[in-house]
Amino acid sequence: MKRPAKVTVLGKAFRIKFADKWPTMKKDDVGESDPVSQTIYIKNGQTLEAEQDTVIHEYVEAAGALLGFGDDHSLVIRITTMIHQMVKDNPGLMAYLRSRNERRV
């Protein structure tokens, strides 16, 4: 599966950059979202599951910043856990949510 290069967060296009480091990276960072530059940074070298969790986490942080709850890291972690579980454990739900304009009986 190819890594995503961009994502839409609340109607805004964010670039996703996978990197070993970035300008504002701190020692233990594995990801960062920057709503000003509309960039999400993800640290290379994580396991696939950890990387996926980091992408979701940074998406939630970006959305939280735009909605005004981005500073509540505890809330971001809880939402991330919920979304990751929903996506990973419910492929039928994901297929249903991706479907478009089909008449349902």
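Among the DSSP beta bridges whose two residues both lie in the chain, what percent are antiparallel, rounded to the nearest 5?
60
Which whole number in µm²/s is D for the chain by Stokes-Einstein, with the Kirkwood Rh taken over Cα pairs at 20 °C and 1.002 mPa s?
145
Give a quick list of trypsin sites (Lys or Arg not before Pro) in the range 10-105 that DSSP marks as loop, anything other than H, G, I, E or B, with at most 14 other Cβ atoms within 10 Å.
Those satisfying the criteria are LYS21, LYS26, LYS27, ARG100, ARG103, ARG104.
Express in nm, to one decimal, how much length is gained between LYS17 and LYS2 on full extension, taking 0.36 nm for each residue of separation and deducting their alpha carbon distance.
Extending this stretch completely gives an extra 4.1 nm.
Comparing ALA95, ALA13, ALA50, which has the greatest mean-square fluctuation in the GNM of the chain with Cα pairs linked when under 10 Å apart?
Most flexible of the set in this elastic network: ALA95.
What nm distance separates the two modelled labels at VAL87 and LYS26, each placed 7 Å from Cα along Cα→Cβ?
2.4
Considering the Cα positions of the range 14-58, please state its Rg to one decimal place and its Dmax as a whole number of Å.
When restricted to Cα atoms, the range 14-58 yields Rg and Dmax of 9.7, 28 Å.
Quick note: the coordinates plus some simple rules give every number you see, no bench work behind them. Computed from a predicted structure; not experimentally measured. No Cβ is skipped: glycine too gets one built from the backbone with ideal geometry, and neighbour counts run over all protein chains shown.
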